[in-house]
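Chemist: Below: one structure in C-alpha cells.
The values are calculated or read from the model by the stated rules, or taken from the named source; none is laboratory data. Small disclaimer: the values here were computed from a predicted structure and weren't measured. Please note: Cβ atoms are built from the backbone with ideal geometry, for glycine as well, and neighbour counts cover all protein chains shown. Heavy atoms of the whole protein, side chains included, go into the accessibility calculation; ligands, DNA and RNA do not. Shrake-Rupley method; radii C 1.70, N 1.55, O 1.52, S 1.80 Å.
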Amino acid sequence: MLTGALNVRVFASEPEAAAACAALVAAAIREKPSLVLGLPTGRTPLNVYRELVALHQRGQVDFSRVTTFNLDEFLGLAPDDPSSYRAYMERHFFQHINLAPERIHFFDGSAERAERECVRYDLKLLEAGGLDLLLLGIGPNGHVAFIEPGDSLQAGSHRARLSRESRLAVASLFGDDVWKVPLAALTLGMAGMLQARRVILLAFGVSKAAAVTAMLRGPITPMCPASFLQLHGNVEVWLDAESGRGVDGSR
Ligand code: GLP
C-alpha cells in the first residue's frame, strides 16, 4: 500500500513483523557486512533484537563489521546507569552479539557539554558515511528518536526537552516513577534521519494509531516530527492491525 511517499505494510501480528524486520536486517548485513545501522530503543524493537540475537546464535548473522548509532540518550545519565538507553541496549542486544565495541556509537548522557557531545556524535555519523538502514519507533505524540513536537525542528543532533507525554511513556525504565525521568535528552536531528538510505518505522498497538495516521495522512509539520518522513523516498512503515486502524480510512 502506498500512502503519500511512505510504503505501509500491515502485519498479522507484532511478532510476525519483528521476525520479518530481523530477517531484513540480517539480509542487509549479509549483503553489506560493514552496514551502518541506526537503532531505536523503547518497547517496540525488543522482539526485533530478540530475533536478531537468535539469528546470530544460529550463525545466520555476523555483526563483526557492522557499525551502530543509537538515536538518543537521556541527559544526565552515565552509560552504565541501569536506566540509560545504553544499558538497555547492552541488556537486550549488544552483550549477546559480536559487535566491535569501537563501532558502537551512542550519545554520552553524562557529557559535561551537551552541544559538544552532539557535534562529536554528528561527526562520527558523517565519518561513517551516514546510516545505511535506520530502524525507528514512534511516540504516541508523533516523536521519532527524541525529536519532540514543537514550533520548529533542528537539523543536527541536539538537546531536546522531553514532553510530559514522552516522560510518562518511558517511566517503566525508572521504576514507574515519572518524576525520576530526566527532563531532557540528546537526540539525532531530522537531517541525520532524512539522510538515512533506508528507513523502517515500526509501530504496534492502538496507542500508536493516531500518531501513525498523522504521520501518513497529516500535513508535514513539526507538531508531528514523524510527518517529515514523508519527504524521504525510501521509508517503510510496518504496522499491526491496531496501529494501522486509521490507515485505510475505513474505520
Ligand atoms: C521512546 C524513544 C523512541 C521510541 C519511542 C517509542 O521514548 N525515544 O526512540 O521509538 O519513544 O517508544 P515505545 O517503543 O516504547 O513505544
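Chemist: Given the condition within 14 Å of the ligand (Cβ to nearest atom) and among the hydroxyl-bearing types (Ser, Thr, Tyr), answer yes or no: does some residue in the stretch 4-17 qualify? Full working, then the answer.
Modeler: Taking the stretch 4-17 first, the residues within 14 Å of the ligand (Cβ to nearest atom) are 14, 17.
Checking which are among the hydroxyl-bearing types (Ser, Thr, Tyr) leaves us with none.
No, the conditions are met nowhere in the stretch 4-17.
Chemist: Is it the case that residue 56 is within 19 Å of the chain's Cα centre (by Cα) and touching a residue at least 40 places away in the same chain (Cβ under 8 Å)?
Modeler: no
Chemist: On the given criteria, is residue 153 within 25 Å of residue 232 (Cβ to Cβ) and within 13 Å of the ligand (Cβ to nearest atom)?
Modeler: Details: within 25 Å of residue 232 (Cβ to Cβ): yes; within 13 Å of the ligand (Cβ to nearest atom): no.
No, not satisfied.
Chemist: Further question: With farther than 28 Å from residue 129 by Cα and open to solvent by 10 Å² or more (accessible area, probe 1.4 Å) as the only criterion, which of 241, 211 stands out? Walk me through how you get there before you give the answer.
Modeler: Numbers: 211 fails: open to solvent by 10 Å² or more (accessible area, probe 1.4 Å).
Step by step, each of 241, 211 is checked, and only 241 is farther than 28 Å from residue 129 by Cα and open to solvent by 10 Å² or more (accessible area, probe 1.4 Å).
Chemist: Only residues that are out of contact with any Pro (no Cβ under 8 Å at 6 or more places or on another chain) and either surrounded by fewer than 12 Cβ atoms within 10 Å (Cβ to Cβ) or assigned to a loop (DSSP other than H, G, I, E, B) (or both): list them for the stretch 96-117, please. Working first, answer last.
Modeler: Narrowing the stretch 96-117 to residues out of contact with any Pro (no Cβ under 8 Å at 6 or more places or on another chain): 96-105, 107, 111-117.
97, 98, 99, 100, 101, 102, 107, 111, 112, 113, 116 - these are the residues of the stretch 96-117 that are out of contact with any Pro (no Cβ under 8 Å at 6 or more places or on another chain) and either surrounded by fewer than 12 Cβ atoms within 10 Å (Cβ to Cβ) or assigned to a loop (DSSP other than H, G, I, E, B) (or both).
Chemist: Could you please give the count of residues in the stretch 35-77 that are more than 9 Å from the ligand (Cβ to nearest atom), farther than 22 Å from residue 125 by Cβ and assigned to a loop (DSSP other than H, G, I, E, B)?
Modeler: Here the count works out to 6.
Chemist: Go through the stretch 8-34 and give me each residue that's outside any helix (DSSP H, G or I) and among the hydrophobic types (A, V, I, L, M, F, W, C).
Modeler: Step one: list which residues in the stretch 8-34 are outside any helix (DSSP H, G or I), which gives 8-13, 32-34.
Across the stretch 8-34, the qualifying residues are 8, 10, 11, 12.
Chemist: For the stretch 73-84, enumerate the residues that are open to solvent by 10 Å² or more (accessible area, probe 1.4 Å) and either in contact (Cβ under 8 Å) with a residue 60 or more places away in the chain or not hydrophobic (A, V, I, L, M, F, W, C) (or both). Give the derivation first.
Modeler: Step one: of the stretch 73-84, the residues open to solvent by 10 Å² or more (accessible area, probe 1.4 Å) are 75-83.
Hits for the stretch 73-84 are 75, 76, 77, 79, 80, 81, 82, 83.
Chemist: I'm trying to understand the selection: among the residues of the stretch 173-209, which are without any contact (Cβ under 8 Å) to a residue 60 or more places away in the chain and either more than 19 Å from residue 37 (Cβ to Cβ) or of a type in the set (S, T, N, Q) (or both)?
Modeler: Once the filter is applied, which keeps residues that are without any contact (Cβ under 8 Å) to a residue 60 or more places away in the chain and either more than 19 Å from residue 37 (Cβ to Cβ) or of a type in the set (S, T, N, Q) (or both), the stretch 173-209 yields 175, 176, 177, 178, 179, 206, 209.
Chemist: Can you pull out every residue in the stretch 79-102 that is touching a Gly at 6+ places or on another chain (Cβ under 7 Å) and farther than 19 Å from residue 167 by Cβ?
Modeler: Just the residues of the stretch 79-102 that are touching a Gly at 6+ places or on another chain (Cβ under 7 Å), to begin with: 84.
Residues satisfying the conditions do not exist here.
Let's see how each residue does on (1) open to solvent by 70 Å² or more (accessible area, probe 1.4 Å); (2) over 18 Å from residue 34 (Cα atoms); (3) away from the ligand (no atom under 14 Å from the Cβ):
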| position | (1), (2), (3) |
| --- | --- |
| 119 | yes, yes, yes |
| 137 | no, yes, no |
| 147 | no, yes, no |
| 168 | yes, yes, no |
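Chemist: Return the total of residues in the stretch 170-216 being within 12 Å of the ligand (Cβ to nearest atom), of a type in the set (Gly, Ala, Ser) and under 23 Å from residue 233 (Cβ atoms).
Modeler: So the count comes out to 2.
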